[in-house]
Every structure is written in structure tokens, then in C-alpha cells.
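Working notes, structure below.
The values are calculated or read from the model by the stated rules, or taken from the named source; none is laboratory data. Please read all numbers here as calculations on a predicted model, not as lab measurements. Don't worry about glycine lacking a Cβ; one is built from the backbone with ideal geometry, like all the others, and counts go over all protein chains shown.
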Amino acid sequence: MGAAARRWLGMTVKSSVRPADPCCFVVFGASGDLTHRLLIPALYNLAVGGLLPEPFSLVGVARDDVPSEAFRKQLGATLRQFATRPVDDVVADRLLACVSYVRGAADDPETYERLRQELERVESVRSTRGNRLFYLATPPGVFGPIGCHLGRSGLTREKNGAWRRLIVEKPFGTDLRSASALNHDLLQVLDEHQIYRIDHYLGKETVQNILVLRFANGLFEPIWNRQHIDHMQITVAETLTVARRGRSYDTMGALRDMVPNHLFQLLSLVAMEPPARFDAQAVRSEKAEVLDAVQVPSEAEALRNSVRAQYTHGHVGNQPVEGYRATKDVKADSTTETYVALKLLIDNWRWAGVPIYLRTGKALKERVTEIAIKFKQAPFAMFRDTPVDRLAENFLVLRVQPDECIALQFNAKVPGPTVAIDGVDMTFKYQDYFDAAPSTGYETLIYDCMIGDAILFQRADGIEAGWRAVQPFLDAWRHAGARGLAYYPAGSSGPTEAEELIQRDGRRWRPIL
């Protein structure tokens with residue numbers, strides 16, 4: 001059983017959790033924000049927890065002509081800036097001593113020859129047994145070229161018992177065609193078991209806990225179906241604006257950026273069928289199957305069951321925010337959406353007729369990620385002759401951020417001589433029960449890659465099933481142009497059109513709090 005079945009252990013390691021395999025961790029894009037802000041702090045946390053192997057090395061690859069010693073100093077400075085806990089100098093120095101650097105461009109064959117020489121050197125010095133983990137912390141446009149160069153150069157060829165693995169960041173493609181092409185290119189030079197398509201949302205404890213909540217408790221799974229569930233809401237609200245990402249974001253948009261990966265990963269975990277066993281093949285097969293069952297709408301249905309919008313000027317908290325179109329490198333007449341809301345249906349026996357509402361957006365009033373399961377209303381007849389004029393809605397809420405928790409909303413009698421009913425909440429917060437150290441969200445994912453546990457990673461068929469479900473929305477919006485694009489002020493809960501999307505079904509969004 002891999003790390004996906006356990007909570008991340010922070011400062012203390014239980015005897016049942018072994019350190020990762022000896023390996024060399026190669027990061028393409030080593031000069032970028034992802035490496036400095038998240039990967040290095042995550043590796044440090046693993047080292048503190050005793051989960052990083054003693055025979056370990058880290059090789060950074062980037063275009064800059066930087067000596068290894070200077071690169072180590074850069075990583076040391078940013079580790080202290082972005083660490084999620086106080087930095088122990090002894091542990092930090094031990095980690096940084098494993099670091100070296102290779103200069104080179106992603107499309108230059110000489111880069112891979114220099115990398116080969118460096119890998120042979122560090123594998124001899126550090127005794128990493130030939131195990132190699134390649135991390136593509138790069139722009140998505142070079143995922144395919146780097147993967148193909150690694151494969152053709154023989155750097156990813158598994159031999160003599162050594163493993164070779166490739167971690168690919170999101171976004172994995174920009175539509176169904178490009179995602180299929182990227183899968184095809186990578187699978188020409190690597191086997192599926194070598195490719196780890198990463199989504200950092202799956203490193204969150206609440207997300208991992210969905211499987212345990214559903215399949216380790218006898219009280220939830222019997223009612224986890226269309227007979228008892230009215231609908232689901234999946235929300236990923238961000239207070240952040242596009243900021244300096246104007247050029248790249250204007251070609252991407254909220255749908256491509258968030259839905260096929262983050263939101264669909266949450267959807268697949270909450271809607272999948274029970275796997276036959278807790279292993280990567282079985283779990284990923286069920287996740288891919290439920291995404292493949294998402295109803296593919298016609299163009300007219302896609303327009304009717306979606307809302308796309310841009311934020312205009314406003315205030316997020318006390319900070320003024322300029323409108324999206326005023327952002328540097330964004331076209332003045334851009335129709336790229338910063339907010340999207342969708343209504344989806346799943347065509348299978350468990351979920352037939354149960355609508356699933358997704359929404360995500362930037363520059364909203366609060367930062368929150370949650371899955372809300374709305375149960376069907378209880379019969380009201382019993383309380384007809386009492387003062388009760390309504391019943392509170394029954395929700396099971398899985399909060400991913402900012403505070404990881406699980407809350408159950410149900411009805412209870414208000415104390416007093418008359419029958420009065422009100423909604424109450426029972427909330428389980430991780431911090432109240434478990435002493436887990438703050439993390440980046442990448443620790444479990446990196447550790448799982450190092451031990452070969454692929455449960456939390458997407459397979460090629462799951463990636464393509466997700467894009468197949470959103471492609472009709474992309475096509476419909478492209479054909480519609482500016483027609484139908486809505487707007488919302490920065491710092492609000494989103495466009496009124498999103499409220500109308502759910503209200504026409506007699507439902508309403510949970511407040512973004």
C-alpha cells in the first residue's frame with residue numbers, strides 16, 4: 001500500500017513507511033518558480049520526515065549558464081523563503097550537497113549528452129542504483145520534445161533492475177486533439193507505467209480522504225447514488241488574479257486551466273465505482289470509466305449548460321483589481337474566460353439524472369475549494385401541523401482549502417416547548433485530530449513517484465476522457481465568439497448568469513465563504 005493510503009507524516013515517520021528508493025531527481029525548468037517555490041520545499045520536508053533516501057541526488061536542467069555551486073546557493077535562499085516550516089540547517093545542507101546543475105535547452109540534443117555524463121557521475125558518487133526520476137517543471141509546449149529526447153537518447157530505458165520515470169505537470173494538452181497527440185508522442189518512447197501525470201490537488205489530504213470516506217465507512221456508500229443524492233457542486237474559487245500570466249493565460253482560460261485536471265480529478269474520485277482492489281490499475285480504471293461516462297453535449301446543449309465570464313475592475317478584500325482586459329499582454333477584445341460554470345450529467349446507473357455543477361474562477365471574493373453533496377429532501381408531511389415551514393438542506397461538504405475539513409449539515413430540533421427545526425453542522429477538521437506538519441501538497445506525490453505508486457496519477461485514457469467531456473464546450477464557445485460572454489466585478493461571487501444556470505433547475509449555489 002502506497003502513500004495514497006496514508007496521511008503524510010510530517011516530522012515523524014512510522015515504522016511502516018519506508019524511505020523512497022535510491023534515485024536521481026532530474027528537474028527540467030530548474031530555474032523556474034515551480035522548482036523554487038514548491039519542489040525544493042517539498043523535498044526538504046521529505047528529508048525532514050526521513051522519507052527521502054540517503055542515496056539521493058538532484059540535477060537541475062535549465063538554459064542559464066550557472067555553476068552548480070551558485071545554483072545550490074540559489075536553492076538554499078529560496079528554500080528559506082518558501083519553506084512551510086522552520087529550516088533545520090543540518091538537513092538543508094545535507095539536501096543541498098546532493099545538488100548539481102546542467103546547462104542546456106530542451107530542444108538541443110547536446111543537452112541530453114551533457115545530462116547523461118552528469119547522471120553517470122552522480123550515480124557513481126551517490127550510489128543511486130541507476131534509478132532516475134525526470135520532472136518536467138517547464139512550459140507545456142516542451143513536454144513532448146523533452147520526453148522524446150529523453151526516450152531517444154536512452155536516458156529513460158529501464159535496464160538491470162533500475163527504474164526510469166517521467167513526471168509531467170499540467171496542463172496535459174489544450175484540447176482533445178493535442179492531449180491525444182502528446183500521449184501518442186510520449187508512449188512512443190516510454191511505457192505507460194513510466195509516465196506520472198501529476199496534479200498537485202491530489203496531494204491534498206481531503207482529496208485523498210475521499211476514497212477512505214466512501215469505501216471504508218458503511219454509512220456512506222449505500223446512499224451514494226441517484227436514489228438519495230439530489231445533485232453535486234464542485235467549487236474551486238480563487239482570489240488571485242491573472243497577474244503577470246496575461247500572455248499565457250489569454251491562450252488558456254479557466255476551462256482549459258482547471259476543469260480537465262483539477263475539477264475532473266475531484267469529480268472522478270467522488271463519482272467512481274468501487275475498485276476491485278486498492279492498486280493503481282484498478283483505481284485509475286474506475287476513474288477513467290466514470291469520466292468516459294460524462295454525457296457529451298451537442299453544441300446547443302453546451303451553450304445552454306455553461307457560463308463563461310471575465311472579471312472587471314473591483315476590489316478583492318481591500319485591494320483594488322484592474323479588469324482582466326486591462327492586464328498586461330491580454331488582448332483588448334479578449335473573449336478568454338476567467339470564470340466558468342458547467343452543468344454535467346453522467347450516463348451510468350449510479351448517477352443517471354443527478355446533475356453535477358462545476359464552477360471555478362479568478363478574482364473572486366474568497367479562496368475555497370470544496371465538493372458539496374446535496375441529499376434529497378426528506379418528506380415534509382410529518383411536520384405539516386407544526387410551526388415548521390421549511391427543512392434545512394442536507395449537505396455533506398468536503399473542504400479541500402483553505403481549511404481541510406469534512407462537514408455534515410442536517411436538521412435538529414431547537415430546544416424549547418414547541419417543535420422548531422433548524423439546520424446544524426458537524427465538522428471534522430484535520431488539525432483537531434491529526435498532528436500533520438504544513439506541506440506544499442507535493443510531498444506525497446513525489447514520494448509516490450519514487451516508490452512507484454501511481455494511484456494518484458492520471459493514465460492516458462483518463463486524460464483523454466476528461467478532454468472528450470469538455471471539448472464540446474470549447475467548440476461551442478469558439479463558434480460563438482464574444483456572444484454569450486458574461487462579466488463579474490472582481491471580489492464578487494461570480495456572474496449572475498451562473499446563478500441562473502443552477503436556479504433554473506430549482507437549486508442554488510452554496511455561498512462562497
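Restricting the search to the range 213-253, which residues are touching a Gly at 6+ places or on another chain (Cβ under 8 Å) and either outside the structural domain of Lys362 (by TED's automatic domain parsing) or among the small types (Gly, Ala, Ser) (or both)?
Answer for the range 213-253, where residues must be touching a Gly at 6+ places or on another chain (Cβ under 8 Å) and either outside the structural domain of Lys362 (by TED's automatic domain parsing) or among the small types (Gly, Ala, Ser) (or both): just Ala237.
How many residues are under 19 Å from Glu370 (Cα atoms) and in contact (Cβ under 8 Å) with a residue 40 or more places away in the chain if we restrict to the range 502-513?
Residues of the range 502-513 that are under 19 Å from Glu370 (Cα atoms), as a first pass: 502, 507-513.
With in contact (Cβ under 8 Å) with a residue 40 or more places away in the chain added as a condition, the list becomes 502, 507, 509-510, 512-513.
Number of matching residues: 6.
Here's a check for you: in the range 408-426, which residue that is of a type in the set (Val, Ile, Thr) and either in a strand (DSSP E or B) or touching a Leu at 6+ places or on another chain (Cβ under 6 Å) (or both) is modelled with the highest pLDDT?
Here is the first cut: in the range 408-426, the ones of a type in the set (Val, Ile, Thr) are 414, 418-419, 421, 424.
From what's left, either in a strand (DSSP E or B) or touching a Leu at 6+ places or on another chain (Cβ under 6 Å) (or both): 421, 424.
Values: Ile421: 76, Val424: 79.
Only one residue fits best here, namely Val424.
Of the residues Leu187, Leu182, Leu166, which single one is surrounded by fewer than 19 Cβ atoms within 10 Å (Cβ to Cβ), within 27 Å of Arg256 (Cβ to Cβ) and either modelled with pLDDT of 90 or more or not hydroxyl-bearing (Ser, Thr, Tyr) (or both)? If you could, list the steps in order and put the result at the bottom.
Details: Leu182 fails: surrounded by fewer than 19 Cβ atoms within 10 Å (Cβ to Cβ); Leu166 fails: surrounded by fewer than 19 Cβ atoms within 10 Å (Cβ to Cβ).
Only one candidate qualifies: Leu187.
Hey, any hits in the range 148-156 for a residue that's closer than 27 Å to Ser439 by Cα, part of a helix (DSSP H, G or I) and not assigned by TED's automatic domain parsing to the domain that holds Ala469?
Step one: filter the range 148-156 for residues closer than 27 Å to Ser439 by Cα, giving none.
Within the range 148-156, not a single residue is closer than 27 Å to Ser439 by Cα, part of a helix (DSSP H, G or I) and not assigned by TED's automatic domain parsing to the domain that holds Ala469.
Out of curiosity, is Gly494 buried (at least 18 other Cβ atoms within 10 Å of the Cβ), of a type outside the set (A, V, I, L, M), part of a loop (DSSP other than H, G, I, E, B) and modelled with pLDDT of 95 or more? Break it down stepwise before answering.
Values: buried (at least 18 other Cβ atoms within 10 Å of the Cβ): yes; of a type outside the set (A, V, I, L, M): yes; part of a loop (DSSP other than H, G, I, E, B): yes; modelled with pLDDT of 95 or more: yes.
Yes.
Kindly indicate which of Thr496, Thr418 is more than 30 Å from Tyr44 (Cβ to Cβ), among the hydroxyl-bearing types (Ser, Thr, Tyr) and touching a strand residue (DSSP E or B) at 6+ places or on another chain (Cβ under 9 Å). Steps first, answer last, please.
Numbers: Thr418 fails: touching a strand residue (DSSP E or B) at 6+ places or on another chain (Cβ under 9 Å).
Within the list Thr496, Thr418, the selection yields Thr496.
Being more than 17 Å from the chain's Cα centre (by Cα), basic (Lys, Arg) and at positive phi is the requirement here; does Arg121 meet it? Step through it out loud before you land on a result.
Details: more than 17 Å from the chain's Cα centre (by Cα): yes; basic (Lys, Arg): yes; at positive phi: no.
For Arg121, the condition - more than 17 Å from the chain's Cα centre (by Cα), basic (Lys, Arg) and at positive phi - is not met.
Filter the range 388-407 down to the residues that are among the polar types (S, T, N, Q) and part of a strand (DSSP E or B) and list them by number.
Residues of the range 388-407 that are among the polar types (S, T, N, Q), as a first pass: 394, 401.
Scanning the range 388-407 gives a single hit, Gln401.
Residues checked against (1) farther than 20 Å from Met258 by Cα; (2) without any contact (Cβ under 8 Å) to a residue 12 or more places away in the chain; (3) assigned to a helix (DSSP H, G or I); (4) assigned by TED's automatic domain parsing to the domain that holds Leu133:
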| position | (1), (2), (3), (4) |
| --- | --- |
| Phe428 | yes, no, no, no |
| Asp432 | yes, yes, yes, no |
| Ser439 | yes, no, no, no |
| Ile446 | yes, no, yes, no |
| Glu464 | no, no, yes, no |
| Phe473 | no, no, yes, no |
| Trp477 | no, no, yes, no |
| Ala482 | yes, no, no, no |
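Taking the residues in the range 325-379 that are polar (S, T, N, Q) and either under 24 Å from Ala392 (Cβ atoms) or not assigned by TED's automatic domain parsing to the domain that holds Glu301 (or both) as candidates, determine which candidate is surrounded by the fewest Cβ atoms within 10 Å (Cβ to Cβ). Steps first, answer last, please.
Initial filter on the range 325-379 (polar (S, T, N, Q)): 327, 334-336, 338, 348, 360, 369, 377.
Applying the additional criterion that residues be either under 24 Å from Ala392 (Cβ atoms) or not assigned by TED's automatic domain parsing to the domain that holds Glu301 (or both) yields 369, 377.
Numbers: Thr369: 23, Gln377: 12.
Looking at residues that are polar (S, T, N, Q) and either under 24 Å from Ala392 (Cβ atoms) or not assigned by TED's automatic domain parsing to the domain that holds Glu301 (or both), I get Gln377.
What is the number of the single condition among (1) at pLDDT below 95; (2) exposed (fewer than 14 other Cβ atoms within 10 Å of the Cβ); (3) under 23 Å from Leu96 (Cβ atoms) that Pro139 does not meet?
Every listed condition holds for Pro139 apart from (3).
Here's a check for you: in the range 302-324, which residue that is over 13 Å from Lys362 (Cα atoms) and among the hydrophobic types (A, V, I, L, M, F, W, C) is surrounded by the most Cβ atoms within 10 Å (Cβ to Cβ)? Step through it out loud before you land on a result.
Step one: filter the range 302-324 for residues over 13 Å from Lys362 (Cα atoms), giving 302-307, 317-320.
Filter again for among the hydrophobic types (A, V, I, L, M, F, W, C), leaving 302-303, 307.
Values: Ala302: 21, Leu303: 19, Val307: 26.
Among those residues, the one meeting the criterion is Val307.
Run down Ala106, Ala77 and say which single residue is among the small types (Gly, Ala, Ser) and free of Cβ contacts under 8 Å to residues at least 24 places away in the same chain. Break it down stepwise before answering.
Details: Ala106 fails: free of Cβ contacts under 8 Å to residues at least 24 places away in the same chain.
One residue alone meets the criteria, Ala77.
Considering only residues that are crowded, with 22+ Cβ neighbours inside 10 Å and not hydroxyl-bearing (Ser, Thr, Tyr), which ones fall in the range 243-255? I'd like the intermediate steps shown before the answer.
Of the range 243-255, the ones crowded, with 22+ Cβ neighbours inside 10 Å are 249, 253-255.
Answer for the range 243-255, where residues must be crowded, with 22+ Cβ neighbours inside 10 Å and not hydroxyl-bearing (Ser, Thr, Tyr): Gly253, Ala254, Leu255.
Quick check on the range 53-69: of everything there that is farther than 26 Å from Phe143 by Cα and touching a residue at least 24 places away in the same chain (Cβ under 8 Å), which residue is surrounded by the fewest Cβ atoms within 10 Å (Cβ to Cβ)? Full working, then the answer.
Of all residues in the range 53-69, those farther than 26 Å from Phe143 by Cα come to 53-55, 69.
Subsequent filtering for residues that are touching a residue at least 24 places away in the same chain (Cβ under 8 Å) retains 53-55.
Working: Pro53: 22, Glu54: 12, Pro55: 17.
Residue satisfying both the conditions and the ranking: Glu54.
What number of residues within the range 56-111 satisfy the criterion of being within 19 Å of Pro145 (Cα to Cα), within 29 Å of the chain's Cα centre (by Cα) and in a loop (DSSP other than H, G, I, E, B)?
Adding up the residues that qualify gives 4.
In the set Val270, Val212, which member is outside any strand (DSSP E or B), under 26 Å from Gly506 (Cβ atoms) and of a type outside the set (Gly, Ala, Ser)? Break it down stepwise before answering.
Values: Val212 fails: under 26 Å from Gly506 (Cβ atoms).
Residue meeting the stated conditions: Val270.
Surrounded by 18 or more Cβ atoms within 10 Å (Cβ to Cβ), touching a Leu at 6+ places or on another chain (Cβ under 9 Å) and polar (S, T, N, Q): is that true of Thr440 in this structure?
So Thr440 fits the description; yes.
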